[in-house]
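Derivation of every value follows stated rules applied to the coordinates shown; laboratory data play no part. The shown structure was predicted, so the numbers you read here are calculated from the model rather than taken from an experiment. Cβ coordinates were reconstructed from backbone atoms using ideal geometry, including for glycine residues, and neighbour counts include every protein chain displayed.
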Amino acid sequence: MCLIFFAVNQHPRYRLLVAANRDEFFQRPTLPMDFWAEDANILAGRDLQAEGTWLGVSRHGRFAFITNYRDPANIRADAPSRGKLVVDFLASRTAPSSYAQHLEKTGSAFNGFNLVVGNAAECWYYSNYDSGARALAPGFYGLSNALLETPWPKVVNGKRKLFPPLHANPVKPDEVLQALLDEERAPDRELPDTGIGLERERALSSMFIKTPGYGTRCSTVLLIDRRHSAFVVERTYDVQTFSYTDRSFNVQLHAF
């Protein structure tokens, strides 16, 4: 995932709302969101190259999502998969606080990442480019490929666009997905300098990315209500035509 907006305990009906775009190389093999054969409690998409995922929820009331931290000068080819951090949390019974705090000791083994983990009781954020794990207070957050709430143009623009549909009552997933489909690029004066060159910064500055060989491959809306049920819709795009297919799931969360 490269762009995620989420609201924690900001809505009268939902304790968690997530709207996310996953950006990836088109040739990287992926399975769409579904329950996993080896662990039927996990609902997530799947990166077949590294066997991890970018966003998921479990029937045990756990959720997690991750973005890469953009730092091309410090990528290690031998680093373990960041996507497995999401899977490991969803499959475990470790408290979000304990999981996030444990990564303070082990997170340096991975290439740069931002991870959010939680359940009905708590929500935690950890990046191995930050000073430590922290609990997230109720709020509306934006996360891309820098630290949480870094005001990149796509984050600022996205929070403005996503606030109305994510705070509507009821939330209408189609309106959320439409807001994520924003191809407007930021002006050069607002672009970050992350070491990838101006042309690439321009191409990656929109919420929804379309470039040769790389771009937004799916969008996801996750709603977890206060009655312990989750609704998930994943919109997967054809990378040639950008037509799409939707998959949706209703999940009762039976342990917390």
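Annotations
- When the residues of region 114-149 are filtered to those that are surrounded by fewer than 20 Cβ atoms within 10 Å (Cβ to Cβ) and polar (S, T, N, Q), the one that is farthest from residue 85 (Cα to Cα) is 131.
- Pick from region 12-59, criterion under 18 Å from residue 84 (Cα atoms) and β-branched (Val, Ile, Thr), ranking: surrounded by the fewest Cβ atoms within 10 Å (Cβ to Cβ): 30
- Scan region 214-256 for residues that are surrounded by fewer than 15 Cβ atoms within 10 Å (Cβ to Cβ) and either over 20 Å from residue 35 (Cβ atoms) or over 20 Å from the mean Cα position of the chain (by Cα) (or both) and the total you get is 12.
- Test result for residue 205, farther than 30 Å from residue 121 by Cα and touching a residue at least 40 places away in the same chain (Cβ under 8 Å): yes
- Among the residues making up region 171-195, those that are part of a loop (DSSP other than H, G, I, E, B), touching a residue at least 24 places away in the same chain (Cβ under 8 Å) and either in contact with a Lys or Arg (Cβ under 7 Å, 6 or more places away or on another chain) or surrounded by 14 or more Cβ atoms within 10 Å (Cβ to Cβ) (or both) are 171, 181, 182, 183, 186, 191, 192, 194.
- Members of region 123-144 that are part of a strand (DSSP E or B), in contact with a Lys or Arg (Cβ under 8 Å, 6 or more places away or on another chain) and in contact (Cβ under 8 Å) with a residue 40 or more places away in the chain: 140, 142
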